[in-house]
Amino acid sequence: MAQRLLLVSTIMAFLAGLAIASFAGFREFLPGLLQGALITVEITVAGAVLALVCAVIAALAKLYGPAPVRWLAITYIELFRGTSALVQLFWMFFVLPHFGVRLEPLLVAILALGLNIGAYGAEVVRGAIIAVPRGQWEATIALNMSRAAALRRVILPQAFVAMIPPWGNLLIELLKSTSLVSLITIADLTFRAQQMNQTTFRTVEIFIIVLLLYLAISMIITVGMRALEAKAAGAVARGRAH
Amino acid sequence: MTAPDSNGTPMVRFENVTKSYGSFVVLDGLDLEFGAGEKVAIIGPSGSGKTTVLRMLMTLERINDGIIWLDGEPLTHMERDGQLVPANAAHLRRQRGKIGMVFQHFNLFPHMNAVQNCMEAPVTVLRMPKAEARARACELLEMVGLGDKFNHYPGQLSGGQQQRVAIARALAMRPKVMLFDEVTSALDPELIGEVLNVIRKLGSELDLTMLMVTHQMGFAKEFADRVCFFHSGKICEQGPPEQIFGAPENERTKQFLSAVLEAT
Ligand SMILES: Nc1ncnc2c1ncn2[C@@H]1O[C@H](COP(=O)(O)OP(=O)(O)O)[C@@H](O)[C@H]1O
Ligand SMILES: [Mg+2]
């Protein structure tokens, strides 16, 4: 795993070097594109936090909530999984103002993408909770722990480990979907690239840089999640009976 | 047959308890009593309902009919306006605190070391200060012979050691009744002795009511005050070990015991 990461990083560094060497446009476009990339990262990070919170709440509500709460969670999950992120973005940006709700574009971007990924994440969280062996629940009952304490202290910490790899995928989905926000006037990486392209027509140089920047951000996510997984799995693997 | 405590009230009483899964009746009108401090071995063929009896008592399974009494009070029910109604969560939690259980597959918390496993419930449930809970956890781990394994995680321990941590973890909640469900069945043969020795020690040093489902007939004979033989969800025969093992009266008991003896 580590060797493969190293290999990919090396190839990327080589490509990046190639880009620097080959394109005079690098110096010209990079600063502007980096500004866009910063917005992209901001939306990704804030969206990820929102998605995680929504996912945990929706999963717990669907699993353990009373009927009305459960239905609310199911509605949220199905609504946001069943419609496209772009439509959700447009709804919040163009339709809500007709009902008197006018939000900042950046807020709309974070809300729409966070809620969207959160709906997928809810199923990931739910699956990981269900996968914790029954015996763990039974032990908490035999020790007279409340259900809330059992979840917080015993079930979720174990479910957490199983959740990390699928969350890595979801975060990369989130990163990729941030390019949609260029359609609601936010100057993210994609938006900047299109703007520069329209004024300079140096398409190849601009989009090679864009590609490398997206790839770099997703590599950071992958490496970060791998590290988190190794750390968390280490803690539980010590505990798992061989 | 039972050894009632000073008030004459049994510690545990099953009163006409019925348990079924769908249309399959596992236990049909079970009446059974366990006295305070009594040590009872429950034996019988696989599928005869032994585990179900312990799980109902631990409130892991709901009963369909009848009442289970614990320490002079109803467990599955509670009193309201002079009537017995099904217990709510608060009542269950109050009564359940008097029972501890050790499982066949240990069910230790894999992300906590031995001491943390034993501290968890005293801290989160009994609100015991951490220092006190830790001291008690260490004391109990010493008692089960794991004084040198405080910081080991379950995966770093042998099956026998894990099961001894599980016993210490249950004792940390100071139960009056301890349930053991085939606690040596998942162990390699050479590790069974160390777990049985610990159980023997609890029996002599602590004032516990102990109910154990077991296939270790030798241990049951030497340890138990009474042996209950289950067959098809009913108590076929019960009595002191000398009687059950020495001169069983029931045909089914005889068959079962000779089959078990043949296997060993
Ligand atoms: N969750 C369940 N659903 C359906 N049947 C069950 C369930 N648990 C136990 N049983 C059945 O109840 C009977 C008694 O089971 P159990 O108490 O585990 O027996 P023992 O411990 O004596 O082997 C068995 O026939 C078993 O198949
Ligand atoms: Mg059983």
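Only one of the listed residues (B:Arg62, B:Arg13) is out of contact with any helix residue (DSSP H, G or I) (no Cβ under 7 Å at 6 or more places or on another chain), more than 12 Å from ligand 1 (Cβ to nearest atom) and closer than 24 Å to B:Ala170 by Cα. That residue is B:Arg13. Entry remark, the stretch B:64-79: residues being in contact with a Phe, Trp or Tyr (Cβ under 9 Å, 6 or more places away or on another chain) and aliphatic (A, V, I, L, M) number 3 in total. Listed by first and then second residue, the pairs with beta-carbon distance under 7 Å, at least 6 apart or on different chains, first residue in the stretch B:36-55 and within 14 Å of chain A (Cβ to nearest Cβ), second within 7 Å of ligand 1 (Cβ to nearest atom) and not in a helix (DSSP H, G or I), are B:Thr51/B:Val213; B:Thr52/B:Val26; B:Leu54/B:Val213. Among the residues of the stretch A:162-177, the ones that are hydroxyl-bearing (Ser, Thr, Tyr) and over 10 Å from the mean Cα position of the chain (by Cα) come to 0 in all. Considering the conditions (1) within 9 Å of chain A (Cβ to nearest Cβ); (2) over 20 Å from B:Arg226 (Cα atoms); (3) buried (at least 16 other Cβ atoms within 10 Å of the Cβ), B:Ala89 is excluded by exactly one of them, (3).
Yes/no per residue for (1) closer than 24 Å to B:Pro248 by Cα; (2) in contact with a Gly (Cβ under 6 Å, 6 or more places away or on another chain):
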position	(1), (2)
B:Arg13	no, no
B:Thr18	no, yes
B:Ile43	yes, no
B:Trp69	no, no
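All conditions in (1) within 14 Å of chain A (Cβ to nearest Cβ); (2) touching a Pro at 6+ places or on another chain (Cβ under 8 Å); (3) within 14 Å of ligand 2 (Cβ to nearest atom) hold for B:Lys98, with the sole exception of (3).
Residues checked against (1) surrounded by fewer than 20 Cβ atoms within 10 Å (Cβ to Cβ); (2) out of contact with any helix residue (DSSP H, G or I) (no Cβ under 6 Å at 6 or more places or on another chain):
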| site | (1), (2) |
| --- | --- |
| A:Ile39 | no, yes |
| A:Ala55 | no, no |
| A:Lys62 | no, no |
| A:Gly100 | yes, yes |
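What about A:Leu86, is it within 28 Å of A:Phe160 (Cβ to Cβ), touching a residue at least 60 places away in the same chain (Cβ under 8 Å) and in contact with a helix residue (DSSP H, G or I) (Cβ under 8 Å, 6 or more places away or on another chain)? Against the criterion (within 28 Å of A:Phe160 (Cβ to Cβ), touching a residue at least 60 places away in the same chain (Cβ under 8 Å) and in contact with a helix residue (DSSP H, G or I) (Cβ under 8 Å, 6 or more places away or on another chain)), A:Leu86 does not qualify. Based on what the data block shows, is B:Asn107 of a type in the set (S, T, N, Q), within 16 Å of ligand 2 (Cβ to nearest atom) and farther than 25 Å from B:Cys236 by Cβ? Judged against the criteria, B:Asn107 is a match.
Counting only residues that are surrounded by 21 or more Cβ atoms within 10 Å (Cβ to Cβ) and of a type in the set (Asp, Glu), the stretch B:5-44 holds 1 of them. The C-beta contact set for the stretch B:143-158 (first residue at the interface with chain A (Cβ under 8 Å from one of its Cβ atoms), second residue of a type outside the set (A, V, I, L, M, F, W, C) and surrounded by fewer than 19 Cβ atoms within 10 Å (Cβ to Cβ), distance under 6 angstrom, 6+ apart or interchain) comprises B:Tyr153/A:Arg238; B:Gly155/A:Arg238; B:Gly155/A:Arg240.
Looking at this structure, is B:Leu32 in contact with a Cys (Cβ under 9 Å, 6 or more places away or on another chain), more than 16 Å from ligand 2 (Cβ to nearest atom), among the hydrophobic types (A, V, I, L, M, F, W, C) and closer than 29 Å to B:Gly218 by Cα? Steps first, answer last, please.
Working: in contact with a Cys (Cβ under 9 Å, 6 or more places away or on another chain): yes; more than 16 Å from ligand 2 (Cβ to nearest atom): yes; among the hydrophobic types (A, V, I, L, M, F, W, C): yes; closer than 29 Å to B:Gly218 by Cα: yes.
It is true that B:Leu32 is in contact with a Cys (Cβ under 9 Å, 6 or more places away or on another chain), more than 16 Å from ligand 2 (Cβ to nearest atom), among the hydrophobic types (A, V, I, L, M, F, W, C) and closer than 29 Å to B:Gly218 by Cα.
Restricted to the stretch B:184-209, and to residues there that are aliphatic (A, V, I, L, M) and within 18 Å of B:Phe34 (Cβ to Cβ), the residue that is surrounded by the most Cβ atoms within 10 Å (Cβ to Cβ) is B:Ile199.
Residue count for the stretch B:19-45, restricted to those that are within 13 Å of ligand 1 (Cβ to nearest atom), in a strand (DSSP E or B) and more than 12 Å from the chain's Cα centre (by Cα): 10. May I ask you to list pairs of residues, at least six apart or on different chains, whose Cβ atoms are under 9 Å apart, with the first in the stretch B:76-89 being under 18 Å from B:Lys19 (Cβ atoms) and the second being assigned to a loop (DSSP other than H, G, I, E, B) and not hydroxyl-bearing (Ser, Thr, Tyr)? Hits for this filter: B:Thr76/B:Arg62; B:Thr76/B:Ile63; B:Thr76/B:Ala87; B:His77/B:Ala87; B:Pro86/B:Arg62; B:Ala87/B:Leu75.
Taken together, the residues in the stretch A:110-154 that are at the interface with chain B (Cβ under 10 Å from one of its Cβ atoms) and part of a helix (DSSP H, G or I) amount to 16. So, in the stretch B:104-121, exactly how many residues are more than 7 Å from chain A (Cβ to nearest Cβ) and under 20 Å from the mean Cα position of the chain (by Cα)? Going through the stretch B:104-121 one residue at a time, the tally reaches 5. With a requirement of 1 or more residues that are within 16 Å of ligand 2 (Cβ to nearest atom), the helices (runs of 4 or more DSSP H) lying completely within the stretch B:167-264 that satisfy it span B:217-223, B:251-263. Restricting the first member to the stretch B:118-135 and to residues that are within 14 Å of A:Ala148 (Cα to Cα), and the second to residues that are of a type outside the set (D, E, K, R) and part of a helix (DSSP H, G or I), the beta-carbon pairs closer than 6 Å and six or more apart or on different chains are B:Thr124/A:Ala149. Set side by side, the residues B:Ile99, B:Ile199 differ, and just one is more than 20 Å from A:Trp137 (Cβ to Cβ), modelled with pLDDT of 95 or more and more than 16 Å from ligand 1 (Cβ to nearest atom), which is B:Ile199.
The values are calculated or read from the model by the stated rules, or taken from the named source; none is laboratory data. Because the structure is predicted, anything quoted here is derived from the model rather than measured. Using ideal geometry, Cβ is built from the backbone for each residue, glycine included, and neighbour counts are taken over all protein chains shown.
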